[in-house]
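S.K.: What follows is a structure written as structure tokens; I'll ask about it next.
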Amino acid sequence: MSIILQIYINNEVILLTFTLSNMAAKLLTLLVVVAALTGAQSQVTQVTLPDQTRNHISNPLIGFGIAIPKLWVDVLQTCHVTFPNGFTHEVYPIDRLPNGPVSFSPAAQPFTTCGIEFLHPPESMSGTYELMSMVRHTDNSQTFTRQRFNIVITMHGDLWQVDDQQN
């Protein structure tokens with residue numbers, strides 16, 4: 001009996017041909033499939049970073065940002081952000097953020113990280129933002145990292161108003 005076995009491992013095709021007895025062929029096929037499945041699985045490590053609280057003054061000229069750090073040798077695969085209203089948007093590799101004061105923090109490869117920037121957001125955008133990133137490391141392992149940021153936004157005009165009646 002001849003067996004032709006086609007196996008996909010990391011998007012590569014491996015063809016194996018066997019001429020064996022019926023029972024030996026079944027046993028060998030089972031062993032090859034199990035070995036291929038266990039070797040092809042990439043391990044994903046999940047990391048939850050501590051929550052951070054940030055106070056920011058909204059200003060039309062000076063922005064601020066939040067990001068999940070990564071090593072420059074690692075490759076960012078995906079980045080998503082959950083807004084305080086519960087909506088989740090893809091940020092990387094395709095920027096699907098709605099138009100407004102929040103945008104993706106672009107950088108040249110290999111320095112791209114999972115981060116967003118705020119430029120003159122209203123106080124109504126205060127709340128908890130959650131960043132989620134998937135990073136591939138040099139050893140081909142992957143890490144899924146999430147971090148929450150409690151953002152408190154204060155309007156710049158409220159802090160810099162001058163009381164003219166004092167003069």
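The values are calculated or read from the model by the stated rules, or taken from the named source; none is laboratory data. Please read all numbers here as calculations on a predicted model, not as lab measurements. Here the Cβ is made from the backbone with ideal geometry for all residues, glycine too, and neighbour counts use every protein chain on show.
S.K.: Restricting to the range 100-137, and then to whatever is among the small types (Gly, Ala, Ser) and assigned to a strand (DSSP E or B), can you tell me which residue is surrounded by the most Cβ atoms within 10 Å (Cβ to Cβ)?
M.R.: From the range 100-137, those among the small types (Gly, Ala, Ser) are 100, 103, 105, 107-108, 115, 124, 126-127, 133; that's our starting set.
Next cut, assigned to a strand (DSSP E or B) only: 103, 115, 127, 133.
On the way: 103: 16, 115: 21, 127: 14, 133: 26.
Restricting to residues being among the small types (Gly, Ala, Ser) and assigned to a strand (DSSP E or B), the top hit is 133.
S.K.: In addition: When you go through 69, 84, 101 one by one, which is the residue that is over 13 Å from residue 130 (Cβ atoms), in contact with a strand residue (DSSP E or B) (Cβ under 8 Å, 6 or more places away or on another chain), modelled with pLDDT of 90 or more and not β-branched (Val, Ile, Thr)? If you could, list the steps in order and put the result at the bottom.
M.R.: Numbers: 69 fails: in contact with a strand residue (DSSP E or B) (Cβ under 8 Å, 6 or more places away or on another chain); 84 fails: over 13 Å from residue 130 (Cβ atoms).
Unique residue meeting the criteria: 101.
S.K.: Can you find even one residue in the range 108-129 that is touching a strand residue (DSSP E or B) at 6+ places or on another chain (Cβ under 6 Å) and within 16 Å of residue 47 (Cα to Cα)?
M.R.: Yes: the range 108-129 contains one or more residues that are touching a strand residue (DSSP E or B) at 6+ places or on another chain (Cβ under 6 Å) and within 16 Å of residue 47 (Cα to Cα).
S.K.: Within the range 53-82, how many residues are under 18 Å from residue 125 (Cβ atoms) and either part of a strand (DSSP E or B) or not assigned by TED's automatic domain parsing to the domain that holds residue 151 (or both)?
M.R.: Step one: of the range 53-82, the residues under 18 Å from residue 125 (Cβ atoms) are 53-67, 80-82.
Remaining after also requiring either part of a strand (DSSP E or B) or not assigned by TED's automatic domain parsing to the domain that holds residue 151 (or both): 53-58, 64-67, 80-82.
Selection size over the range 53-82: 13.
S.K.: Limited to the range 138-152, what total is found for residues that are among the hydrophobic types (A, V, I, L, M, F, W, C) and either modelled with pLDDT under 95 or exposed (fewer than 13 other Cβ atoms within 10 Å of the Cβ) (or both)? Outline the logic, then answer.
M.R.: Kept after step one, since they are among the hydrophobic types (A, V, I, L, M, F, W, C), are these residues of the range 138-152: 144, 149, 151-152.
Remaining after also requiring either modelled with pLDDT under 95 or exposed (fewer than 13 other Cβ atoms within 10 Å of the Cβ) (or both): 152.
Total satisfying the criteria: 1.
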